[in-house]
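The values are calculated or read from the model by the stated rules, or taken from the named source; none is laboratory data. Keep in mind it's a predicted model, so treat the numbers as computed, not measured. Using ideal geometry, Cβ is built from the backbone for each residue, glycine included, and neighbour counts are taken over all protein chains shown.
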Amino acid sequence: MNRQTGKPISVNQMGDAWPSVQPGKVGDYGTAVLGMGSTCEIRSYQSLTITYTAGKFGLDDTGAIRIAHRFVHDGGKMQTEDPKAANYVTAVSSCGTPLNLYVEPYSFRPWLIALMIEVKGGFLSPGDTIRVTIGDTSEGSPGFLIQTIAESAFQFKVSVDACATGHFVPLPDELYFPIEAAAPKYTRLIAPGLRRPGEQFSLGIRFEDKWGNPADPIHHRYKLTADGLIRGLPNVVEPYTGRTGTRIVGLSIDEPGTIRVSLHAPDGSVVARSNPIVIAEAPFAGYWGDLHGQSGETIGINSIQEYMNFAYENAFLDVTSHQANDFQINATFWQVINDTTAALNQDGEFVVFPGYEWSGNSPVGGDHNVFFRHEGCTIRRSSHALLPDRSAIQTHANTLPDLFEALQDEDCVLFSHVGGRPADVAYAHDAKLKTAVEIHSNWGTFEWILTDSFEQGHRVGVVSNSDGHKCRPGAGSPGATDFGAYGGLTCFLASELTRDALFASMRRRHHYGTSGNRLHMDVRVYFKDDAQLFERDPAHFDTTPSSKTEAIMGDIVRCDEDSVDLKIQLETETPIERVDILNGADKIKTLRCYGQDDLGSRVKILWQGAEYRGRGRNTRWSGGFYFDGGVVQKMTPVNRWNHDTQLELLNGREIHFQATTSGNFGGLELVFDSLENIKVEVKTNLVTGLIALAELGLEDHTLEAGGLERKIRFIRLPDELTQCSLRRKVKVPLTKVRDNPVWIRVATADGHLAWSSPIYLID
């Protein structure tokens, strides 16, 4: 795969809806030129100039120019009030005509943030200019703060209302520049999941900067070691500058077991450890995927080619898909999507599904992902909201029932998800088509979409994806935007890496989701007597069951027992903190690798939750924790993906913080000499309280804050967690008459979560 960089997205692939009425020919409205250096680094301060030259019409009194950048941008917010502060913007006309400057916080998709320069009390004649300085440093401003996201062609879009009619016409001039990653800060060593003895696999090495951008490696000869025999593993690997991802191929392991690999710097220190490689005699392997994200042809950045390149060469995914908003996919780009997936799909190496995001409003069903087994299918759009071409409007599916009806004869599956338009699982359902709900993404964590599905009687699996807009599927660090969570991953249990096998996995719900970590999870139920296992949901399909004495995650099984044995096997990247066993929405039991007597002087403080289920769900936290009777010896952030947010430890006795959650959680891990006499006073915008830390036991101490699962949790831990393996058998009681969806939630020490698809035990 060749990386396509350096140019903005072709206009014929963009889902932009500009006014159809234009005052004249292209070129009559003027020109714009960008002035700056050739490139810049993320999070640097820059001073940029855009010079507009009036065209044939001039620029009339009360007319204006609009300079916009994309929604994904998480850099400075342009401002016109304080010349000493960052992001100060000025504009001056060559003819002395007064100008009025202001910022539109929400302009038009995908160019959402716009600077307006309005002519007030005069006009511009043809050839007159307006010079705009974004990040004017002349009066003390440090400049314009560049975003956290590396981008091959960051673009300003200039449009003009030359005739003062309120209609802005885009200029054809392309104003763009590349934004480069910073120096590498993290090294990732990425291994496969579950494999069979003798199966070939690869290892991936990725270097990242502070904000998760792929970065040029530090040029060393790194040593590789493993705690078991891996055939083909080289002793030394040497990543080169300009190659942000390195793939080591042709590896295999002969014997069943669990192996982890370490990457060592020249001085012998370990710079990265892999996720566990589990080798087992099994009917399936585990394939990692992120099936939900988009690029710059719609609301994201960079091209679909760069998106796919990142998935394979940097995230080392086994399977992916591109999921653009349907109302921005024009006919040209739909063809590009299909051509791209057809060209890149390679059985046994990299599976790519064609598809799109059906982006209907929540009142008519909400967001759903559509995945086709093959190319060439008709896209059934929810609307033409940003598409001027009306020729395909007869193929619309405006509501979710319309979509289900239109897809009856298609070979496809659907996922419900919670993005800009949260899916309403109560509105409509089709068990033939919808196989899963997306429980986690860059938007946050949404266990409620699964438990809401239980209430409706739906038998769906669990997936996690990024829903990312930054062209980084499979490694979706959120940056400094309102996307407050790291992107998720899904592990598909499939017989082989092919479209057919993965479709079978999705339709059987044989998969589990994570918040971005790669762990091995095996969840099974054992029966005393033979139970009836169904290939498809018997509530909706005429299907003949088979007799089984065990079931795996995603299975639908009819049994006549009061309880079942649940067997859990985990191999994790970092130590296991807890495992919650659930039946529907009810927590049955919590497993820990430690007991009351193991608790030490280490405490986690976590804040979590959302306002409500809709688009404006983000909860803003601010406040502090005040300690009396002792001091904090060490503070480690938990899930602090936005490094710009406030987090301060003062004199070991005060912590001040600001954070955003969207159902997910962030927080702190604190180490004390002793908890004996320490009390902490909580003062936040949403909840207050006083806690004696020595009284904390195995169970969380919780301060409820209303909203949707908004709370602050205090968790006491041993001084050290070390266990990365767990094998347990638990008896789970069943309730008659209703479904018993049995599933688990795993929390690890690094702040990550994982969820199994439920095993549906039906009466």
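The set of residues in region 419-444 that are part of a loop (DSSP other than H, G, I, E, B) and over 26 Å from Glu375 (Cα atoms) comprises Gly420, Arg421, Pro422, Asp424, Val425, Ala426, Tyr427, Ala428, Asn442, Trp443. The residues of region 720-763 that are part of a loop (DSSP other than H, G, I, E, B) and in contact with a Leu (Cβ under 9 Å, 6 or more places away or on another chain), listed by number, are Cys724, Leu734, Asp739, Ala749, Gly751, His752, Pro758, Asp763. Close contacts from region 324-351, counting a first residue that is assigned by TED's automatic domain parsing to the domain that holds Ser303 and aromatic (Phe, Trp, Tyr) and a second that is assigned to a helix (DSSP H, G or I) and at pLDDT below 95, with Cβ to Cβ under 8 Å and a gap of 6+ residues or different chains, come to Phe333/Gln13. Scanning region 168-224 for residues that are closer than 30 Å to Ala282 by Cβ and out of contact with any Leu (no Cβ under 9 Å at 6 or more places or on another chain) returns Arg188, Arg195, Arg196, Pro197, Gly198, Glu199. Among the residues of region 290-301, just one is in contact with an Asp or Glu (Cβ under 6 Å, 6 or more places away or on another chain) and more than 17 Å from Thr481 (Cα to Cα), namely His292.
When you scan region 452-463, do you find a residue that is under 23 Å from the mean Cα position of the chain (by Cα), within 16 Å of Arg509 (Cα to Cα), among the polar types (S, T, N, Q) and in a strand (DSSP E or B), even just one? For region 452-463, residues under 23 Å from the mean Cα position of the chain (by Cα), within 16 Å of Arg509 (Cα to Cα), among the polar types (S, T, N, Q) and in a strand (DSSP E or B): absent. Of the residues in region 584-595, not one is surrounded by 20 or more Cβ atoms within 10 Å (Cβ to Cβ) and either within 30 Å of the chain's Cα centre (by Cα) or at pLDDT 95 or above (or both).
Applying the criterion of being small (Gly, Ala, Ser) and in a loop (DSSP other than H, G, I, E, B) to the residues of region 333-368, the residue that is farthest from Thr320 (Cα to Cα) is Gly365. Taking the condition closer than 30 Å to Ser295 by Cβ and aliphatic (A, V, I, L, M), does Leu124 pass? The answer is no for Leu124.
Would you confirm, using the coordinates I've provided, whether Ala397 is touching a residue at least 24 places away in the same chain (Cβ under 8 Å), surrounded by fewer than 19 Cβ atoms within 10 Å (Cβ to Cβ) and either farther than 28 Å from Gly212 by Cβ or out of contact with any Asp or Glu (no Cβ under 8 Å at 6 or more places or on another chain) (or both)? Taking the combined requirement at face value, the residue does not satisfy it. A single member of Tyr52, Tyr45 is touching a Ser or Thr at 6+ places or on another chain (Cβ under 9 Å) and crowded, with 20+ Cβ neighbours inside 10 Å, and it is Tyr52. The set of residues in region 179-227 being within 17 Å of Glu573 (Cα to Cα), within 23 Å of the chain's Cα centre (by Cα) and not aliphatic (A, V, I, L, M) consists of Tyr186, Thr187, Arg188, Pro192, Gly193, Gly204, Arg206.
Of the residues making up region 728-742, those that are surrounded by fewer than 18 Cβ atoms within 10 Å (Cβ to Cβ) and touching a Lys or Arg at 6+ places or on another chain (Cβ under 8 Å) number 3. Being at positive phi and free of Cβ contacts under 8 Å to residues at least 40 places away in the same chain is the filter here, so list the residues in region 626-657 that pass it. Asn651, Gly652 - these are the residues of region 626-657 that are at positive phi and free of Cβ contacts under 8 Å to residues at least 40 places away in the same chain.
I need the full set of residues from region 380-394 which are assigned to a loop (DSSP other than H, G, I, E, B) and either of a type in the set (Gly, Ala, Ser) or surrounded by fewer than 20 Cβ atoms within 10 Å (Cβ to Cβ) (or both), in order please. Of everything in region 380-394, those that are assigned to a loop (DSSP other than H, G, I, E, B) and either of a type in the set (Gly, Ala, Ser) or surrounded by fewer than 20 Cβ atoms within 10 Å (Cβ to Cβ) (or both) turn out to be Ser382, Ser383, His384, Ala385, Pro388, Asp389, Arg390, Ser391, Ala392. Taken as a whole, the structure leaves Thr258 outside the set of residues that are surrounded by fewer than 23 Cβ atoms within 10 Å (Cβ to Cβ), β-branched (Val, Ile, Thr), farther than 30 Å from Phe71 by Cβ and modelled with pLDDT under 95. Can you report the number of residues in region 465-522 which are of a type in the set (Phe, Trp, Tyr) and surrounded by fewer than 24 Cβ atoms within 10 Å (Cβ to Cβ)? Final tally of qualifying residues: 1.
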